[in-house]
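Student: Before anything else, here's the structure in question.
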Amino acid sequence: MARGIALVAELALWWGALLVLWLMLISAVEPLEWAVGGSAALVGAVAALGARRAVADR
């Protein structure tokens, strides 16, 4: 149970950090950019979580 909460928290932190980075690097923040940035940030967060777990499991 605690491990699942930790994974969700880490995923949320990665997603939030990547979304903020996306929004900082674009010129105009519009609703479409929120959707695209949120989706791209989710893909990046899942990849970062998977990469960290792969390295930690060595």
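The values are calculated or read from the model by the stated rules, or taken from the named source; none is laboratory data. Computed from a predicted model, the values in this text were never measured in an experiment. FYI the Cβ positions are ideal-geometry reconstructions off the backbone, even for glycines, and counts take in every protein chain you see. Ligands, DNA and RNA are stripped out before the accessible areas are found, and what is left, the full protein with its side chains, is counted by its heavy atoms. Shrake-Rupley method; radii C 1.70, N 1.55, O 1.52, S 1.80 Å.
Student: Where the accessible area of region 14-58 is counted over protein heavy atoms with a 1.4 Å probe, how much of it, in %, is carbon and sulfur?
Tutor: So the carbon and sulfur contribution to the accessible surface is 72 percent.
Student: Pick out, from V20, L7, L32, the residue whose Cα sits farthest towards the positive end of the charge dipole of the chain, with +1 on the Cβ of Lys and Arg and -1 on the Cβ of Asp and Glu.
Tutor: Positive-end residue among those listed: L7.
Student: How far is helix 2-25 tilted, in degrees, relative to the longest principal axis of the Cα atoms in the chain, given as a value from 0 to 90 rounded to the nearest 10?
Tutor: 30
Student: Inverting the mean 1/r over all pairs of different Cα atoms, compute the Kirkwood radius of the chain and quote it in Å.
Tutor: 12.2
Student: Where does the chain land at 222 nm, in deg cm²/dmol rounded to the nearest 500, when only DSSP H runs of n ≥ 4 count, each adding -39500 (n - 2.57), divided by all residues?
Tutor: Values: 2 runs with 50 residues, N = 58.
Computed mean residue ellipticity for the chain: -30500 deg cm²/dmol.
Student: What is the extension gain from V29 to I5, computed as 0.36 nm multiplied by their sequence separation minus the C-alpha to C-alpha distance, in nm to one decimal? Spell out each step's value before the answer.
Tutor: Working: separation 24, 0.36 × 24 = 8.64 nm, distance 3.11 nm.
Taking 0.36 nm per residue and subtracting the Cα distance, the gain is 5.5 nm.
Student: About its Cα centre, what dipole magnitude does the chain give when the only charges are +1 on Lys and Arg Cβ and -1 on Asp and Glu Cβ, stated in debye to the nearest 20? Write out the running numbers ahead of the final one.
Tutor: Working: 4 positive and 4 negative charges, 71 e Å.
So the magnitude is around 340 debye.
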